[in-house]
Amino acid sequence: MSIRIYNTLTRNKETFEPVKPGKVGIYLCGPTVYKESHIGHMVGPVIFDTVKRYLVHSGYDVTWVVNITDVDDKLIAESNRRGITMAAVAEEMTKDYLKNLASLGVDGIDKMPKATEHIGGIVKMIERLIERGFAYPVEGDVFFDVTKDDDYGKLSNRSAESQQGEGGEAASKKRNAGDFALWKGAKPGEPSWDSPWGKGRPGWHIECSAMASALLGETFDIHGGGLDLLFPHHENEIAQSECCHGKPMVKYWMHNGLMRKSAAGKIGGKSDREPGSADVAQAGASDIDNPEQAKEEKISRSKGAGGLADLVAKEGAEKIRFFLLRTHYRSTIVFDDKELADAGTSLETFHRLFERVERILGKSFYDLPLHANRKAGQIEKGKHKLTDDVAAVRERFLDKMDDDFNTGAATSELFDLVRLLNRSIDEKKLEEATAKVEDKAAFERACIALRELTGILGIFRTAPAKAISADAGMTDNLMSLLIDLRQVARQTKNFQMADMIRDRLTSLGVTLEDRKEGTVWRQGA
């Protein structure tokens, strides 16, 4: 099955056919680096890191670009507030952003240009737009004339006449209310660069147009970003780029849903949280048609979003990444403690299986081979019932990823695969010495398939670090004592006491598991 992408520009799913066969260029709008990153900033990077992983797994050569906006009104304001240079603010917050990307396993970005590194290209692009009659200079500023672009509004379905531009000093210089700034004349004390129109700095929209064309070409494959960027940012990018170059800017526009802090009145309906529902393939379409509503609801610093580093330290990076991928990328993500806890509980299902894998195979799940592409991971059918069943689950997983990168639906297949593996362990008695060699071999091949599919999502890539504390030995001894007391209670038929010990430990986040060789404990569900 070929890959299909929901194109915001056409409001349809389209068969993916890159500009250059076998090669894919992706541009994702990155952050304005004036404050620490919060979890909302990670939605796009985690989604498009997974998109790149899947495209590479499907045989494409992918170049992924994420820009850094390091000159902006917000950066200037923060610079003045802190009494340090704008460049110092940008450098500090870029380091924070990169650290958080790394913690969540987002390591597929190929190029990360900064706006200040592309001033020359931005100036040339503005000059070209003036030459072609799409832009005009006024008293040190340069504006794009939206009435000169017959296609303006095609992404957001808005007409040029309906636009209301910003007020203030710039409004009096514009020909039309909806015209937007390409270049802003310097004010006293602001960072500035030389240009044919005097000292100044670029507008936000032209930065992305210049960087994208410089690194990916005048027409490239996929442009991504949050739904809140659809208008005016992406609409203005299209206008600038296509009027400058005289050709389409992007083949496929992909907009991810935003994150909200409460489930009450959330956008998108039930399918936002249920990856297996029939509605998930179209989830988020209503958000695309109502970007202003989605923008009002999104998580942001002004709505109390805190630093991401603290959240990662508290909850764990893998849990956060898995949480972000449990929904279809176009759906709203509801962020609250319960949703995050549910993601953690789901991960424990896998971790318990991995413990069984190590007991059966004598090696860690994380040490199993990781297939680099779709062809290498194919399973030969007719050898064993387990591997035949696993092959069917694998195909369903890939089909759902082919269908607009539906990670929400694909994760449901992973749980089906875990159930198959656990059932095989029990039915074939794989944890016992009498287990058949062929059953163990089939089980290992099935585990390799699970590793392949979870690797596509960027989860379970490396074994989690085990925390070691000074009182770890004391904890083990106390748990051994409680397990022994519970065992004595069961032997003396004091089941009330045995159940109380188990229930109290469960309330503290400790799970007991009774096995033939004895009872073991773990933290988590």
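Limited to the stretch 56-85, what total is found for residues that are more than 20 Å from residue 191 (Cα to Cα) and either without any contact (Cβ under 8 Å) to a residue 40 or more places away in the chain or β-branched (Val, Ile, Thr) (or both)?
Counting residues in the stretch 56-85 that are more than 20 Å from residue 191 (Cα to Cα) and either without any contact (Cβ under 8 Å) to a residue 40 or more places away in the chain or β-branched (Val, Ile, Thr) (or both) gives 6.
Please go through the stretch 368-411 and give me each residue that is in contact with an Asp or Glu (Cβ under 9 Å, 6 or more places away or on another chain) and among the hydroxyl-bearing types (Ser, Thr, Tyr), ordered by number.
Within the stretch 368-411, just 387 meets the criteria.
If you scan the stretch 234-260, which residues turn out to be open to solvent by 10 Å² or more (accessible area, probe 1.4 Å) and acidic (Asp, Glu)?
242
Can you pull out every residue in the stretch 388-406 that is part of a helix (DSSP H, G or I), touching a residue at least 60 places away in the same chain (Cβ under 8 Å) and open to solvent by 10 Å² or more (accessible area, probe 1.4 Å)?
399
For residue 80, state whether it is open to solvent by less than 60 Å² (accessible area, probe 1.4 Å) and not aromatic (Phe, Trp, Tyr).
Here the answer is no, as residue 80 does not meet what is asked.
Check residue 89 against each of (1) closer than 30 Å to residue 316 by Cα; (2) out of contact with any helix residue (DSSP H, G or I) (no Cβ under 8 Å at 6 or more places or on another chain) and name the one condition it does not meet.
(2)
Quick test for you: out of 108, 120, pick the one residue that is open to solvent by less than 70 Å² (accessible area, probe 1.4 Å), over 18 Å from residue 40 (Cα atoms) and assigned to a loop (DSSP other than H, G, I, E, B).
Result: 108 is the single residue among 108, 120 that is open to solvent by less than 70 Å² (accessible area, probe 1.4 Å), over 18 Å from residue 40 (Cα atoms) and assigned to a loop (DSSP other than H, G, I, E, B).
Name every residue in the stretch 305-355 that is over 19 Å from residue 464 (Cα atoms), among the polar types (S, T, N, Q) and surrounded by fewer than 22 Cβ atoms within 10 Å (Cβ to Cβ), in order of residue number.
Those that are over 19 Å from residue 464 (Cα atoms), among the polar types (S, T, N, Q) and surrounded by fewer than 22 Cβ atoms within 10 Å (Cβ to Cβ): none in the stretch 305-355.
Need pairs with beta-carbon distance below 8 Å; first residue charged (D, E, K, R) and within the stretch 125-142, second open to solvent by 30 Å² or more (accessible area, probe 1.4 Å) and modelled with pLDDT under 95; sequence gap 6+ or separate chains.
Close Cβ pairs satisfying both conditions: 139/173; 141/170; 141/173.
Just one of (1) farther than 30 Å from residue 47 by Cα; (2) free of Cβ contacts under 8 Å to residues at least 40 places away in the same chain trips up residue 419, so point out which.
All conditions are met except number (1).
Hey, does the stretch 369-377 have a residue that's surrounded by 19 or more Cβ atoms within 10 Å (Cβ to Cβ) and touching a residue at least 60 places away in the same chain (Cβ under 8 Å)?
yes
The values are calculated or read from the model by the stated rules, or taken from the named source; none is laboratory data. Remember, it's a predicted structure, so these values are computed and weren't measured experimentally. Cβ sites come from the backbone with ideal geometry, for glycine too, and all protein chains shown count toward neighbours. Please note that ligands, DNA and RNA were not included when accessible areas were found on the heavy atoms of the full protein model with its side chains. Shrake-Rupley method; radii C 1.70, N 1.55, O 1.52, S 1.80 Å.
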